[in-house]
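The values are calculated or read from the model by the stated rules, or taken from the named source; none is laboratory data. Since the structure is predicted, the reported quantities are computational estimates derived from the model, not experimental observations. Positions of Cβ are generated from backbone atoms using ideal geometry, with glycine treated the same way; all protein chains shown enter the neighbour counts. To get the accessible areas, we keep the full protein, side chains included, count just its heavy atoms, and leave off ligands, DNA and RNA. Shrake-Rupley method; radii C 1.70, N 1.55, O 1.52, S 1.80 Å.
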Amino acid sequence: MKKVRIGIVANRFLKKEPAFANEELTYTMQGNVAAVIESGALPILIPITDPGDATQYLSQVDGLILPGGQDVQPKLYGEPESDLLGVTSASRDSFELKVIEIAIQQKKPIFAICRGAQLVNVYFGGTLYQDESLIKGKVRIEHDQTRLAIKNEIPSHMIKIVDEELQSVLGNSTKVNSLHHQAIKKIGKGLTITAVAADGVVEAFKNDSQKITAYQWHPEMQQRSDARMLQLFKIFLQKNFTETS
């Protein structure tokens, strides 16, 4: 049986190691690849290239994963850069925004993770906190668990699930891993929040009409410690495709 083809948009960076000094690498987290394979689909890596190539790339896949990575440029949601802003990638922002546009036009389902979720939110007119220190509220949560020396796959804070479909997998609340310093401020038009943290940070959202599912945490990493996270990928495929193998 022909497998569903899931395009994973790759990241790009310079690897600062002696053997690969100044060599640019195109990569994705192995967890993204493993989750797609374990869900019965075929992963296809999509490199960051000219946005004009997005239509052709999308025509080769059935669905899309937008993974984590660099900060999103604040100019895309109408704000000046804060001193707290991390590394950005104009080329990645431009390419992925076009990929989102074409995927929606072609009715290709999107599974967005961390930065991917933030960029989808911006695409729909939402905004971001440029750093977690700018989040106002009485409850304080550390959203970048690397500062706490917690392994990537280990959950670090609780979230509340407010969507029935997601509750069927994770319950009314659960603990998730957290590897981000930016966060959603204003939710984009047409997006429905499905999970939140105690400090009000949006942890997941969806748009069923556009076949979009998004998570602020990293299920591709947390699946190593919590098998339920793999179910999020499997449900995404089952919900959007009639045939998987």
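Worth a mention:
- A helix-only calculation puts the chain at -7500 deg cm²/dmol for mean residue ellipticity at 222 nm, using -39500 (n - 2.57) for each DSSP H run of at least four residues, averaged over all residues.
- Each Cα pair of region 102-245 feeds into the Kirkwood radius, which the Stokes-Einstein equation turns, at 10 °C and 1.306 mPa s, into a diffusion coefficient of 103 µm²/s.
- With both labels modelled 7 Å from their Cα along Cα-to-Cβ, the residue 138 to residue 13 distance reads 3.8 nm.
- Largest-first ellipsoid semi-axes for region 1-141, taking √(5λ) over the Cα gyration tensor eigenvalues, angstrom: 26, 20, 16
- Once the convex hull of all Cα atoms in region 1-64 is built, its volume per residue stands at 93 Å³.
- Remark: the chain carries a charge dipole of roughly 440 debye about the Cα centre, counting +1 on each Lys and Arg Cβ and -1 on each Asp and Glu Cβ.
- Region 80-152 shape via C-alpha gyration tensor axes, a/c threshold 1.5: prolate
- Seen from residue 55, the other residues with C-beta closer than 13 Å to its C-beta sum to a net charge of -1, counting Lys and Arg as +1 and Asp and Glu as -1.
- Ellipsoid semi-axes for region 73-112, based on the Cα gyration tensor and the rule √(5λ), read 25, 10, 9 Å when sorted largest first.
- Peptides 41-54, 135-148 ordered by packing proxy, namely the average of other Cβ atoms within 10 Å per residue, highest first: 41-54, 135-148.
- Taking other residues whose beta carbon is less than 11 angstrom from the beta carbon of residue 214, and scoring Lys, Arg as +1 and Asp, Glu as -1, yields +1.
- Seen from a random direction on average, the alpha-carbon convex hull of the chain projects onto 13.6 square nanometres.
- Whole-percent carbon and sulfur share, accessible surface of the chain, 1.4 Å: 52
- The GluC sites (Glu not before Pro) of region 19-100 that DSSP puts in a loop, and whose beta carbon has at most 14 other beta carbons within 10 Å, are 81.
- Coarse-grained scattering of region 190-245 at q = 0.12, 0.17, 0.30 Å⁻¹, given as base-10 log I(q)/I(0) from a Debye sum over alpha-carbon atoms: -0.33, -0.64, -1.19
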